[in-house]
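The values are calculated or read from the model by the stated rules, or taken from the named source; none is laboratory data. Please read all numbers here as calculations on a predicted model, not as lab measurements. Cβ sites come from the backbone with ideal geometry, for glycine too, and all protein chains shown count toward neighbours. Side chains included, ligands, DNA and RNA excluded: accessible areas come from the protein's heavy atoms. Shrake-Rupley method; radii C 1.70, N 1.55, O 1.52, S 1.80 Å.
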Amino acid sequence: MNGTIGNLFERLACVEKLNSITSIVFDKTGTITQADEVKISFEGDKLTTEDYVAVKSLTRHSTHILSSSIYDHLKDISPEKVEDYHELPSMGISGFVNGREIKLGSAKFISEGISESKSLTTEVYYSVDGNVKGHFTLSNQYRTGLSDLIKNLSSKYDLHVLTGDNDAERENLEKIFPASSNLRYDQSPNDKLEYINQLKKEGKKVLMIGDGLNDAGALKSSDVGISIADDVYHFSPACDAILESSKFSELTRFLSITKKSIWIVKLSFLLSFLYNFVGLYFAIQGILSPIVAALLMPISSVSIVAFTTITTNLIAKNKESENKITDNKNIEQKAFSSAKSVQLN
């Protein structure tokens, strides 16, 4: 299923499950933050060309969003062969490049002696043969429309955030998510899995939204798992659906459409039942001839199909109209604010 909302379903049964969702769990990095707008700098010893080659070579083998960001940042560097590559989920990556042992990851992964800073950035530490040379600083950019999305979702669902990063961005997240939200930091993939299972034990119907393989366990365990991807053809075996990152702000609209779709299905069943009930009555009474009855059968099927098609299109158009009205209001508010500012100046 691929519509204007940019969603691909791997299992269509999850559409029905979305109708009963009570809790939504978000990953942070690569899910509510944008991978293509990360500002990257390096703090520490001056890196040589050989260092940049090593970093580029190592990050090429990782699917983690931080590795991908650093890899894309080093545009003019040509990667080389990596030997004995290892990746520890939510911790870091390591391998040998030109005979040197290279490590990239969290402070704990690189060395027990490093303490992570509390700056409002994400830090990826870099070491060569056990010597820490510094860290890459990545300043996160939250997705466009995130605040409005969270505001709309919080009135209908319990919201949660699980991230493998430390609590450096606690202040930023608390401004976006309501006080009732549960924000958890330093979460390993196993911690996320256990958290999802605990919510389910409490009777919650959970929708997990993550960035793919690093959240595989949590995505698989949740009632519905949606993976955010810059490319909707990005393969993630653990998720039920893939949501195009550019359509992330339309998640509320998508959930609303799934609820209306279930309503249409139930109403179609009711109409079909009424058709059969009325047809059975006339058949018992012997009022209709066999030819007329044979003609009415396909007409009833066509009418049900027409009903579902028309109502589905109407719902889609209404949602588009609502979005346009909201967009127009936002534009008017911005225009009014700008005009007011000009008058004051």
request  = Give me the number: length gained by fully extending residue 77 to residue 186, i.e. 0.36 nm times residue separation minus the C-alpha to C-alpha distance, one decimal in nm.
outcome  = 36.1 nm
ask   = Residue by residue, what Karplus-based ³J(HN,Hα) values in Hz, rounded to whole numbers, does segment 104-111 have, using 6.51, -1.76 and 1.60 with θ = phi - 60° and x for Gly and Pro?
value = 9, x, 6, 4, 5, 6, 7, 6
key: Relative packing of peptides 264-273, 155-164 - highest average C-beta neighbours within 10 Å first   = 155-164, 264-273
task = Compute the distance in nm between two label points, each set 7 Å from the Cα along the Cα-to-Cβ direction, one at residue 200 and one at residue 170.
result = 3.0 nm
ask   = Rg (Å, one decimal) plus Dmax (Å, integer) for the alpha carbons of segment 93-175?
value = 17.1, 55
request  = Starting from the amide H of residue 166, placed 1.01 Å from N in the peptide plane, find each other amide H under 5 Å away whose residue is 5 or more places distant or on another chain.
outcome  = 186
task = Report, to the nearest whole %, how much of the accessible area of segment 147-217 belongs to carbon and sulfur atoms, 1.4 Å probe, protein only.
result = 40 percent
inquiry  = Exceeding 18 Å between C-alpha atoms, which entries from my cross-link table qualify? They are 46/133; 156/260; 39/75; 17/151.
reply    = 17/151
message = Could you sort the peptides 284-290, 202-208 by per-residue average Cβ neighbour count (10 Å cutoff), highest mean leading?
response = 202-208, 284-290
request  = Calculate one ³J(HN,Hα) per residue across segment 183-198 by plugging θ = phi - 60° into the Karplus curve 6.51 cos²θ - 1.76 cosθ + 1.60, and present them in order as whole Hz with x for glycine and proline.
outcome  = 10, 10, 10, 6, 9, 7, x, 5, 4, 5, 4, 5, 5, 4, 4, 5
note = Label model pair residue 154, residue 269: point-to-point distance (7 angstrom along the Cα→beta-carbon line) in nm is 3.6 nm
ask   = Which ³J(HN,Hα) values, rounded to whole Hz and listed in residue order, are derived for segment 91-97 from phi using the Karplus coefficients 6.51, -1.76 and 1.60 in 6.51 cos²θ - 1.76 cosθ + 1.60 with θ = phi - 60°, glycine and proline given as x?
value = 10, x, 10, 8, x, 10, 10
ask   = Over segment 80-175, what is the mean sequence separation of C-alpha contacts under 8 Å (at least six apart), divided by residue count, expressed as relative contact order in percent?
value = 19 percent
